[in-house]
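Every read-out reported here was derived from the displayed coordinates using simple, explicitly stated rules and does not represent laboratory data. None of these values were measured; they are calculated from a predicted model. Glycine gets a Cβ as well: all are built from the backbone with ideal geometry, and neighbour counts include every protein chain shown.
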Amino acid sequence: MDEKKEVMEEVISGAIVRRFFQKLESNLAIDVAIVGAGPSGLVAAHDLAKAGLKVAMYESKLAPGGGTWGGGMLFNEVTVQNDAAEILHEFGIATVPYGEKYHTVDSVEMASGLIFGARKAGATIFNAVKVEDIVMHDGVVSGVVINWNPVARLEMHVDPIVVTTRALIDGTGHPSEIVNKAVNKAGVKIDSPTGGILGEKPMWMEDGERTTVENTKRLYPGLYASGMAANNVQGGFRMGPIFGGMLKSGRKIAEIVKRDLGA
Ligand code: 48F
């Protein structure tokens, strides 16, 4: 009897399909969904997964990392304050002191190190996936509506699927896309001076860096914001190519979510 010959093409396709759908299925009901894999979201994902929570991140681009890769004006060096450099060291990312208060970091090392660190802590990252809406159950934000970003980009008429979550963090950066859905689609009042989104102010590095961390908070039951999204919601100043506030904001939102979820 002829033994059936293993066909490599079938094995390889089967491996990808089976493993991907295992990953997707085990992330259909999670503890924390983080939208946007920028620096604040990646630190939050790392800390929350490390605390034993089931964390999934959704990044609409193929490469996670958000605004980290480009440094300032594509000069691929990033700056952080001394205390934020310590967060990078926890991820094994090297920094070089610059004067008394700052460190510089190779932006490629920082982006890849944060991604690797979040993943190694146990967070699952779904790239090329866009969160296009939120789920609201009885006045609590309780899920994300996801689809492939290429589907959205090509404006294909394809329905999404839904993931339920106990906490949802908007880490989408400047547009604060997820909070926008809560305010403008669900019509809820969030924890901000107006109950809505105030919008980012122009550049003031020092103030922007401080308020990014101060503005990091729970906005509504089940809904949180980190990084530039948090600052945009509360009307903070932009800070440009310094990233300490983003890293500290990610750490702060992780502490708040851990407390709220009893982790
Ligand atoms: O903007 P981003 O890097 O987020 P952040 O953590 O950091 C901001 C800094 O990079 C920089 C800054 C520092 O001075 O101001 O801007 O606040 O990353 C946000 C990520 O979210 C993704 C987007 O592609 C980016 O990688 N994103 C945005 N909307 C969606 C999304 C969405 N609807 N679904 C999935 N991903």
**Asked** If we keep just the residues of segment 187-237 that are more than 20 Å from the chain's Cα centre (by Cα) and polar (S, T, N, Q), which is nearest to the ligand (Cβ to nearest atom)?
**Response** Ser192
**Message:** Looking only at segment 146-160, filter to residues that are assigned to a helix (DSSP H, G or I) and within 10 Å of the ligand (Cβ to nearest atom); which one of those is surrounded by the fewest Cβ atoms within 10 Å (Cβ to Cβ)?
**Reply:** Ala152
**Item:** Matching residues, segment 232-247, being crowded, with 21+ Cβ neighbours inside 10 Å and either aliphatic (A, V, I, L, M) or within 20 Å of Trp69 (Cβ to Cβ) (or both)
**Value:** Val233, Met239, Phe243, Gly244, Gly245, Met246, Leu247
**Request:** State all residues of segment 44-88 that are within 13 Å of the ligand (Cβ to nearest atom) and either more than 18 Å from the chain's Cα centre (by Cα) or at positive phi (or both); if no residue qualifies, say none.
**Result:** Gly65, Gly66, Gly71, Gly72, Met73, Val78, Thr79, Val80, Gln81
**Message:** Condition check: surrounded by 15 or more Cβ atoms within 10 Å (Cβ to Cβ) and outside any strand (DSSP E or B). Does Gly143 satisfy that?
**Reply:** no
**Asked** Is it the case that segment 169-183 has a residue that's without any contact (Cβ under 8 Å) to a residue 60 or more places away in the chain, of a type in the set (Gly, Ala, Ser) and farther than 24 Å from Ser107 by Cβ?
**Response** yes
**Request:** For residues that are part of a helix (DSSP H, G or I) and over 13 Å from the mean Cα position of the chain (by Cα), scanning just segment 238-255, find the one that is nearest to the ligand (Cβ to nearest atom).
**Result:** Gly245
**Request:** Please find, among Glu209, Glu214, the residue that is without any contact (Cβ under 8 Å) to a residue 24 or more places away in the chain and among the acidic types (Asp, Glu).
**Result:** Glu214
**Message:** Can you tell me how many residues within segment 105-156 are farther than 29 Å from Lys248 by Cα and among the acidic types (Asp, Glu)?
**Reply:** 2
**Prompt:** Looking only at segment 45-87, which residues are in contact with a Phe, Trp or Tyr (Cβ under 9 Å, 6 or more places away or on another chain) and of a type in the set (A, V, I, L, M, F, W, C)?
**Reply:** Ala56, Met57, Ala63, Val78, Val80, Ala84, Ala85
**Item:** Selected residue (only one of Gly117, Gly92, Gly113 is in contact (Cβ under 8 Å) with a residue 24 or more places away in the chain and not in a helix (DSSP H, G or I))
**Value:** Gly92
